Amino acid sequence: MDDYSFTAAYLRLPPGALAEKVREAEEILKDCTLCPRRCGVDRTAGEKGFCKTGDKPFISSYGPHFGEEKPLVGRFGSGTVFMGNCNLGCIFCQNYSISHLGEGVEMSFEKVADVMLSLQRQGCHNINFVTPTHQMPMMLRSLMIASEKGLKLPVVYNCGGYESLRAIEILNGTVDIYMPDFKYIDPQTAKKYSKAEDYPQAAMVAIKEMHRQVGDLLIDKRGVAMRGLLVRHLVLPERTAGTAEVVKFLAEEISKNTYINIMDQYHPCFKAYDNPPLNRRITHQEYADAVQMAIDAGLKRIDGITI
């Protein structure tokens, strides 16, 4: 594709459409069903559910990031905005100070918009919202303000995979790159390690809708991702994550051209030390086996792997 012909999804919406999406998303906060937990609290009145977050942006950090997948990083980095707190309860979270301990500060929507514009001026290739699920309305309002001030970069929705279908449907036409985790295939494993027994089903439904909206990952001549689906899967010790079933689902029910990052960086954090087999790193063989499972399933685009 022509590197300079790309127009971000939110800039292609009809006049008033983004504002309507913001209104619809913010309405959910009054009886919160933004994620599958469906806490039902009124976040606009100061009530807080599982995610411990109100109705204003709560941001941990932001800046150009060079540790993401190569198609996101490109030459000048991914413009990450780390959103504080989380709608999952993963006992091994490597960012637990953010997700569990509440590291971050409340910001105005205008400030978040200014952050996005600053990342654009710094040359970042995208705006990468990290853990946005429970703050999706805040993300959208900030995006609307930034777009009115000249934001043009593609938006990355970098989430844990525990999404409601309604929320993802609202996002249709605003997100260019969906980057969900697909953590587990077994409900009891999801319940034990993330307090979300319905995680596998929710993730599968959400990923199908994400792919319906944006398709397979499209990478331009510079090697930079512009639109599409990128799935992350963290390999856990003793095949705890159910990798074989995860990659089978992606190959057979999404696309064999799904771009997947099979991640090898698992190490015990937070409460993992008290929960074997998560109390150890994965072995080289466990990672090699996981990659082979993806290849055997027919997946053709594995991050960092030449097939």
With 5 Å bins from zero, work out the P(r) of segment 95-229 over every alpha carbon pair and list the percent per bin.
-> 2, 10, 17, 20, 20, 16, 10, 4, 1, 0
Please state the equivalent ellipsoid semi-axes for segment 108-156: what are the square roots of 5 times the Cα gyration tensor eigenvalues, largest first, in whole Å?
-> 16, 12, 9
Take every Cα pair under 8 Å in the chain that's 6+ residues apart, average their separations, divide by the length, and report that relative contact order as a whole percent.
-> 17 percent
Of all DSSP beta bridges with both partners in segment 170-267, the antiparallel percent, nearest 5, is 20 percent
Could you sort out which of Lys21/Lys52; Lys191/Lys271; Lys192/Lys271; Lys70/Lys221; Lys21/Lys48; Lys30/Lys192 sit more than 18 Å apart by Cα distance in this structure?
-> Lys21/Lys52; Lys21/Lys48; Lys30/Lys192
The chain: calculated mean residue ellipticity at 222 nm from DSSP helix runs of at least 4, using -39500 (n - 2.57) | -9500 deg cm²/dmol
How much length, in nm to one decimal, is gained on full extension between Asp303 and Asp198, taken as 0.36 nm per residue of separation minus their Cα-Cα distance?
-> 35.0 nm
Using only the alpha carbons, work out the radius of gyration and Dmax of segment 1-80 in angstrom.
-> 17.4, 47
If you project the alpha carbons of the chain onto the principal axes, what extent comes out on each, in Å, largest first?
-> 50, 47, 31
In the chain the cysteines whose Cβ sits 4.7 Å or more from every other Cys Cβ are Cys32, Cys35, Cys39, Cys51, Cys86, Cys124, Cys159, Cys269
Beta bridge orientation in segment 9-302: antiparallel %, DSSP, nearest 5 = 30 percent
Sum of side-chain charges, Arg227 neighbourhood, beta-carbon under 10 Å (Lys, Arg +1; Asp, Glu -1) = -3
Which length gain, in nm to one decimal place, applies between Leu101 and Asn257 when the Cα-Cα distance is subtracted from 0.36 nm times their residue separation?
-> 52.4 nm
Evaluate Rg over Rh across segment 18-147, taking Cα atoms for both radii and Kirkwood's formula for Rh.
-> 0.97
Rg/Rh over Cα atoms for segment 180-307, Kirkwood Rh, comes to 0.98
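Each reported figure results from applying straightforward, stated rules to the coordinates on display, with no laboratory input. Treat the numbers as computed from the prediction; the structure is a model and nothing was measured. Cβ sites come from the backbone with ideal geometry, for glycine too, and all protein chains shown count toward neighbours.
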